[in-house]
Amino acid sequence: MKNRITLAILLLLFVITANAQKKIKTAELPKAAQEFLQKYFSNSPVDIAKKDAEHGEKGYEVKLKDGTEIEFWKDGSYREVDGGKNPIPTEYIQKEVREYVAKNYPNEKITHIDYGHKDLDVDLTNSIDLEFTKEGKILKDKNNEDD
């Protein structure tokens, strides 16, 4: 009997996990996400697109052939762009953030940007982790503590 209950629980967990991320076609992404990909990432085709319900937040995940991963909110606006160790395009990033990085880290590039619920996390090619308000004001810079 215990084995049947365990099997039933495992099967239920598998079904829940399988439904949390469902592969979709790029054309099934919200229009804003499709336009974002076309405008800023047209040089690297989409490898995988998924509808994602992780942590109760519905959205989308896209992995490009060059390894870049992009997460979108359910309305198609971007939530996170992760180039791994590779620089990402920055035209869509707020001017204040781009200017701060250019002034304080002129030899570095942005590799990751993540909009959390309260702040904006930015990683650079030298593994520096910066935190900004959603409006682009610096909150934390481990190399420039007096900011």
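The values are calculated or read from the model by the stated rules, or taken from the named source; none is laboratory data. All values reported here derive from a predicted model rather than from experimental measurement. Methodologically, a virtual Cβ is constructed for each residue, glycine included, from the backbone with ideal geometry; neighbour enumeration extends over all protein chains shown. With ligands, DNA and RNA removed, areas are computed over all heavy atoms of the protein, side chains included. Shrake-Rupley method; radii C 1.70, N 1.55, O 1.52, S 1.80 Å.
Quick notes on this structure:
- Accessible surface of residue 109 - all protein chains present, 1.4 Å probe, nearest 10 Å²: 120 Å²
- Order of exposure, largest accessible area first, which applies to 77, 42 with probe 1.4 Å: 42, 77
- With an a/c value of 1.5 or above and a/b larger than b/c for the gyration tensor axes a ≥ b ≥ c computed over the alpha-carbon atoms, the range 14-142 is described as prolate.
- Highest-first arrangement of 65-73, 92-100, where packing means the average Cβ count within 10 Å: 65-73, 92-100
- Local net charge near residue 42, Cβ-Cβ under 15 Å (Lys/Arg +1, Asp/Glu -1): -2
- Entries in 65/134; 50/74; 103/140; 65/85; 25/74; 85/142 that, when Cα-Cα distance is taken, lie over 22 Å: 65/134
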